[in-house]
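The values are calculated or read from the model by the stated rules, or taken from the named source; none is laboratory data. Please read these numbers as outputs of a predicted model, since none were measured by experiment. Methodologically, a virtual Cβ is constructed for each residue, glycine included, from the backbone with ideal geometry; neighbour enumeration extends over all protein chains shown. With ligands, DNA and RNA removed, areas are computed over all heavy atoms of the protein, side chains included. Shrake-Rupley method; radii C 1.70, N 1.55, O 1.52, S 1.80 Å.
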Amino acid sequence: MITMGNKALLSVIACGVLFSSNLYAQNDENMVKSIMTLRGDVESLYTKIDENKDYFRSQMKSLSMQSTDNEAQINRQETSLKLTEQNIDKVEDQLNEIGNKGQDIKPMIYDALLTLSSQIKAGIPFKVEDRLAALSKIKTDLNNGDITQEKALALTWASYDDALRLTKEIGLFKQEITIDNEEKLAKIAKIGSVMMFFSTLDDQVGYVKQKGDVYQYVTVADEVQRTQIVNLFDALQKQIRTGYFTLPNALLLRGVN
């Protein structure tokens, strides 16, 4: 016979069983939800991994193409430099020949000045007007008899030496540049004869780009590239000319001086 106390006990037990069943059911439901969430997270991670793989493949391909292009441009620069050295050797041979014969060396000087002028015009746009004016003065002074042939020859030879020096020189300079048809005074960071960067007084920065036979001053808006160029100017200002620098691809295709 079940007494009132037993009935109460059975009721409590039944409630406990029901509560435990609900608790297990709730735990199972939470576990299922957790598993579904984790599965979604895993699928999302796999998707991101695939996207990253595609991105890095694209980056590697781009860097490989850029490296190949840079090597080709550097080879062109080396070829141009060799041509300049050959011109110097040619002038030296002419000097020796003319010196031995005691001939008039004016034609040879004019020819050497013309050759160097052509190279300066075709080369990087670094103080072009000043350098051409210096060559023109040698020719004018020689024509007017203000300097001797020997003096004109020495000055011409020094001009060739300067052209070679500029191919290796790294430093900061100032010159007028043209941006969007507007003349501006700018600081110039020259990396030999292969790169030129600029920074204007109104905080425009960029680099020289070659398009066909024309050189253009390209301003940079991308913050990463701007920072790279600014860091280069800061380093050169501190006389730091060696080290590892990350820079925009501004290699020039031609121009040895």
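Taking the conditions (1) of a type outside the set (Phe, Trp, Tyr); (2) without any contact (Cβ under 8 Å) to a residue 12 or more places away in the chain; (3) over 19 Å from Leu247 (Cα atoms) in turn, Ala221 satisfies each one other than (3). Within segment 188-220, work out how many residues are charged (D, E, K, R) and buried (at least 17 other Cβ atoms within 10 Å of the Cβ). Total meeting the criteria: 2. Just to be sure, is Thr227 open to solvent by 30 Å² or more (accessible area, probe 1.4 Å), more than 13 Å from the chain's Cα centre (by Cα) and hydroxyl-bearing (Ser, Thr, Tyr)? When the stated conditions are applied, Thr227 does not pass them. Kindly indicate whether any position in segment 164-186 is more than 23 Å from Val218 (Cβ to Cβ), open to solvent by 20 Å² or more (accessible area, probe 1.4 Å) and not basic (Lys, Arg). Yes, segment 164-186 contains at least one residue that is more than 23 Å from Val218 (Cβ to Cβ), open to solvent by 20 Å² or more (accessible area, probe 1.4 Å) and not basic (Lys, Arg). Just give me the residues in segment 90-118 being modelled with pLDDT under 90 and either among the polar types (S, T, N, Q) or farther than 20 Å from Ile147 by Cβ (or both), in sequence order. Matches in segment 90-118: Lys90, Glu92, Asp93, Gln94, Asn96, Glu97, Asn100, Lys101, Gln103.
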